[in-house]
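The values are calculated or read from the model by the stated rules, or taken from the named source; none is laboratory data. All figures in this text were calculated on a predicted structure; none of them were measured in a lab. Please note: Cβ atoms are built from the backbone with ideal geometry, for glycine as well, and neighbour counts cover all protein chains shown. Quick note on the areas: whole protein, heavy atoms, side chains included, nothing else; ligands and nucleic acids left out. Shrake-Rupley method; radii C 1.70, N 1.55, O 1.52, S 1.80 Å.
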Amino acid sequence: MGLRGNSLLHVPARRSSFLEIVDADGAALFGTLTGSNGSKRPLQIVPAPDEDEGAERDGGDSDTGDEPGLDSLPLGDVAPFNTLGDAVDPGRFLQVRLPQEKLDAQLLRMESQAHTLLQEQGIDVLFLALGFLEWYEDTNSSAPRYAPLVLVPVELQRDSVRSRFRLSYTDAELGPNLNLGAKLKGDFHLDLPEFPDDFDFCAYIDAVALLVRDRPRWRVLRDKAVLGFFSYGKFQMYVDLDPESWPEGNALLENVQLKRLFGEGFEADANLVEGVRGHEALTAPETLHLVKDADSSQTEAILAVMEGANLVVQGPPGTGKSQTITNVIAEALGRGRRVLFVAQKMAALEVVKRRLDECHLGDAVLELHSHKSNKKAVLGSLRHVFDQGRPEAPDRDARYRRLTEVREALDGYVADLGRPILNSGLRYVDCVGRMLALKNQPRLAGLAPIRFEWLRNWDAEDLERGRRAIRAAGDYLHEFGPPEDNPFRHSRRTSLSPNDDQWLARQVARAWDPLGRLIEDAATLAQAMQIPVPATFADIAILHRAGKRALEAPHLQGVRVSTQEWQVRRDDIREAVACGAELHRLHEQLSGHFIDAAFEADLLAVRVGLAGRADKWWRVFSGPYRQAKATLRGYMKGALSGSPVQWLEWVDGLLAYRRHHQRLRELEPVCQSLFGAQWQGLRSDWAVLGRLADWVIELYEAIGKGDLPQGLADFLEGDPDLRAWAEPVEVLATQSARMQGQLQELVAFLEWAQGPVEEVSLETWR
């Protein structure tokens, strides 16, 4: 009941949580907001007119604490004008002293704070206070106090961020200023007038004015209005804790729960919680009225509550606390009980209500928070439930019987998992877990599983014997390694005398260093030739052939050796070389008789004139013959000599030259690409190109058969100089043959069964 911070007893000056209304008409505002005058509508809040901005700025700022208080600015000092300069209807608009910018900022803060409190705690704190009582603490006090008489619960709304705020009545139940009534009664022995359901604002204000008429300096400000935050929370707690408020026989200090909380403790409740762990409902949940999924711990909590235990259920978010509360309420409803569910924040209430709605139990809930706690909303909720009639529950006996069957089958399965397998004494579940663990080990992936038929009749003794055998094998492998790592694993020899052992040691020692040098020399040569390092003696043979072939290679400078065109177009390459050689021969043969133009000329008509006439006596009478002779004479370097039969042979040679020349032009691009700088067209050295083509084509044929390594062609394209490797290449074959002979003796002695010596990996021999 103190005055400090209690806005229900005094609205202080210079507080940004309050907004004074200028030139208000209390009765008109009350009638417009609540609709008591027959026209309920929201009120528009308008700022101070532009011409008053300077005065308002000089007067102070609500945000900085310099705003003039309600005491220093009596109503009526500022004319009610909106920003357009038009007169404001005091029954439809709320005129304030703030300019538009500051008004919007303050209204935005007030709307956000009121909305947050309503959403989090479900309480209305924003009211439009209409009519104030100016009162004094005693006759000697000079500070007036302003207490609101009528509080209308309101909310701020606007259509968009650019539109102005409107003030609307929330339809919550109206009531008197309880704090003021208690203050007047306790300190001044004055009782505020009754606050009837059919409330009349003017009559109530007049009754208050009549009540305080004998108090010096006290007066009622009928038209004073303030928009701000007012809360009855502390006073309601004060009233609830008043011992006189409790009915006889139910005194607050005699409450059983309070006695336990502050003295006796909850040991009996702990025993109840422990006792439900063996409750039959845990194995038959269909006997409960659960509407949401519940695990064993949640079901225990529900049963403990139903048994009357006081308990705390705690857990991180998402662990099903609200779900458990929903089931508790459903179980209580199923048992015909009533439940009071309270929470500090409205969000918790809404979550449980939403879950009950999902289960079609929402109609059993009477909401008594926020706007839903007014008389109209409560009566409407009750009417909605009563109009629905008695609910009908479906027959679930068939489902319960099916549930019993499935549960028995699952329980039987669980029991079977715990039983021993045949005579082994091992539980099935333990064996399955061990088997799954073994399957996840990559090192065991290659092992074949043991057939179960071999183990079917084993008892515990047989299993122990098998374990000992496996442990012994494991110890052996740990000491000597796996069989595949034993160098003698392919030997079929079953005995070895001391003399044999000594001979074997000498042979191995004699072969060890030469084998190492052979492998090293082969690797060095292979790396120099840019081909894979040999892995077997067969690969060394291929390396030797590759070295020999490389040493025998013709001059390959400029030749594109590393292309499959040599294999794909080998016939075209050979044809081109043959055409070039034939062209060279024909040119050498005929160039002494004919000029250069004859080699390019089309002499088919000349041949037609000579053919069939060159060896006839009557040819001189033939016009085509004479024409052919004349044409041929034009291409001769000197006089036309020789016989007509020779002329015909010469013409055939010129035509063959022309035909080969045409074909060579067609094949010239591929030849120029492959032979590179060694291709000189008609001036090419055809003998060299022939040998070169045959050598490269044979090279690819040998590579295709596997006689030579794949990378040899790439190596030879650079025309490497291998003269320094001539001796190592020859020595390599000798070394390989000698080493294979020594190893063959060892293979025969050990009765080796892996395969031919030349196909075994060189690393295996080492």
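Among what's in the range 244-256 and is at negative phi and open to solvent by less than 100 Å² (accessible area, probe 1.4 Å), pick the residue that is farthest from the chain's Cα centre (by Cα). Can you show your working first?
Of the residues in the range 244-256, the ones at negative phi are 244-248, 250-256.
So of that shortlist, the ones also open to solvent by less than 100 Å² (accessible area, probe 1.4 Å) come out as 245-247, 250-252, 255-256.
Details: Ser245: 60, Trp246: 59, Pro247: 61, Asn250: 60, Ala251: 60, Leu252: 57, Asn255: 55, Val256: 54 Å.
Selected residue: Pro247.
Out of the residues in the range 478-492 meeting the condition of being open to solvent by 80 Å² or more (accessible area, probe 1.4 Å) and either modelled with pLDDT under 85 or touching a Phe, Trp or Tyr at 6+ places or on another chain (Cβ under 9 Å) (or both), tell me which one is farthest from Ser761 (Cα to Cα).
Step one: of the range 478-492, the residues open to solvent by 80 Å² or more (accessible area, probe 1.4 Å) are 478-480, 483-485, 487-489, 492.
If we keep only those that are either modelled with pLDDT under 85 or touching a Phe, Trp or Tyr at 6+ places or on another chain (Cβ under 9 Å) (or both) too, we end up with 480, 483-485, 487-489, 492.
Values: Phe480: 23, Pro483: 18, Glu484: 14, Asp485: 14, Pro487: 13, Phe488: 14, Arg489: 15, Arg492: 19 Å.
This residue is Phe480.
Across the range 357-395, which residue is farthest from the chain's Cα centre (by Cα) among those that are more than 30 Å from Gly175 (Cα to Cα) and in contact (Cβ under 8 Å) with a residue 60 or more places away in the chain?
Leu361
Quick one: what pairs do we get from the range 516-530, first residue farther than 26 Å from Glu717 by Cα, second open to solvent by 20 Å² or more (accessible area, probe 1.4 Å), C-beta under 6 Å, 6+ apart or different chains?
Listed pairs, sorted by first residue: Leu518/Gln735.
Does any residue in the range 209-236 that is free of Cβ contacts under 8 Å to residues at least 40 places away in the same chain come within less than 7 Å, Cβ to Cβ, of a residue that is assigned to a strand (DSSP E or B) and crowded, with 18+ Cβ neighbours inside 10 Å six or more places away or on a different chain, and which pairs are these?
Ala209/Val220
Take the residues in the range 639-683 that are open to solvent by 60 Å² or more (accessible area, probe 1.4 Å) and touching a residue at least 60 places away in the same chain (Cβ under 8 Å), then tell me which one is nearest to Ala611 (Cα to Cα).
Only one residue fits best here, namely Arg663.
Would you be able to say whether some residue in the range 408-420 is open to solvent by 70 Å² or more (accessible area, probe 1.4 Å), over 30 Å from Ala114 (Cα atoms) and over 43 Å from the mean Cα position of the chain (by Cα)?
Yes: the range 408-420 contains one or more residues that are open to solvent by 70 Å² or more (accessible area, probe 1.4 Å), over 30 Å from Ala114 (Cα atoms) and over 43 Å from the mean Cα position of the chain (by Cα).
Would it be correct to say that Asp387 is closer than 30 Å to Trp454 by Cα and not in a loop (DSSP other than H, G, I, E, B)? Let's see the steps before the verdict.
Working: closer than 30 Å to Trp454 by Cα: no; not in a loop (DSSP other than H, G, I, E, B): yes.
When the stated conditions are applied, Asp387 does not pass them.
Looking at the range 514-523, which of its residues are open to solvent by 60 Å² or more (accessible area, probe 1.4 Å) and at pLDDT 85 or above? Write out each step before concluding.
Keep residues of the range 514-523 that are open to solvent by 60 Å² or more (accessible area, probe 1.4 Å), which gives 517, 520-521.
Once the filter is applied, which keeps residues that are open to solvent by 60 Å² or more (accessible area, probe 1.4 Å) and at pLDDT 85 or above, the range 514-523 yields Arg517, Glu520.
Restricting to the range 158-175, give me the number of residues that are of a type in the set (A, V, I, L, M, F, W, C), out of contact with any Lys or Arg (no Cβ under 8 Å at 6 or more places or on another chain), under 22 Å from Ala48 (Cα atoms) and modelled with pLDDT of 80 or more. Even if it seems obvious, please write down each step before you answer.
From the range 158-175, those of a type in the set (A, V, I, L, M, F, W, C) are 161, 165, 167, 172, 174; that's our starting set.
Those left that are additionally out of contact with any Lys or Arg (no Cβ under 8 Å at 6 or more places or on another chain): 161, 167, 172, 174.
Going one step further and asking which of them are under 22 Å from Ala48 (Cα atoms), we end up with 161, 167.
With the extra rule that they be modelled with pLDDT of 80 or more, the set shrinks to 167.
Residues in the range 158-175 being of a type in the set (A, V, I, L, M, F, W, C), out of contact with any Lys or Arg (no Cβ under 8 Å at 6 or more places or on another chain), under 22 Å from Ala48 (Cα atoms) and modelled with pLDDT of 80 or more: 1 in total.
Within the range 318-336, can one find any residue that is in contact with a Lys or Arg (Cβ under 9 Å, 6 or more places away or on another chain), touching a residue at least 40 places away in the same chain (Cβ under 8 Å), closer than 27 Å to Gly362 by Cβ and of a type in the set (Asp, Glu)?
Yes, the conditions are met somewhere in the range 318-336.
Quick test of your reading of the structure: Arg162 fulfils all but one of (1) assigned to a helix (DSSP H, G or I); (2) open to solvent by 60 Å² or more (accessible area, probe 1.4 Å); (3) not acidic (Asp, Glu). Name the failing condition by number.
If we test Arg162 against (1) assigned to a helix (DSSP H, G or I); (2) open to solvent by 60 Å² or more (accessible area, probe 1.4 Å); (3) not acidic (Asp, Glu), just (1) comes out false.
Within the range 622-638, restricting attention to residues that are surrounded by 14 or more Cβ atoms within 10 Å (Cβ to Cβ) and in contact (Cβ under 8 Å) with a residue 24 or more places away in the chain, which residue is farthest from Ala605 (Cα to Cα)?
If we take residues in the range 622-638 being surrounded by 14 or more Cβ atoms within 10 Å (Cβ to Cβ) and in contact (Cβ under 8 Å) with a residue 24 or more places away in the chain, then Met636 is farthest from Ala605 (Cα to Cα).
Which one is surrounded by the fewest Cβ atoms within 10 Å (Cβ to Cβ), of the residues in the range 707-766 that are polar (S, T, N, Q) and touching a helix residue (DSSP H, G or I) at 6+ places or on another chain (Cβ under 9 Å)? Break it down stepwise before answering.
So the first thing to find is which residues in the range 707-766 are polar (S, T, N, Q), and the list is 710, 734-736, 740, 742, 744, 754, 761, 764.
Still in the running and touching a helix residue (DSSP H, G or I) at 6+ places or on another chain (Cβ under 9 Å): 710, 735-736, 740, 742, 744, 754.
Values: Gln710: 11, Gln735: 20, Ser736: 22, Gln740: 17, Gln742: 16, Gln744: 14, Gln754: 13.
Selected residue: Gln710.
Any residue in the range 684-695 that is aromatic (Phe, Trp, Tyr) sitting within a Cβ distance under 9 Å of a residue that is open to solvent by 10 Å² or more (accessible area, probe 1.4 Å) and not in a helix (DSSP H, G or I)? List the pairs, counting only those 6 or more apart or interchain.
Trp695/Glu552; Trp695/Ala553; Trp695/Pro554
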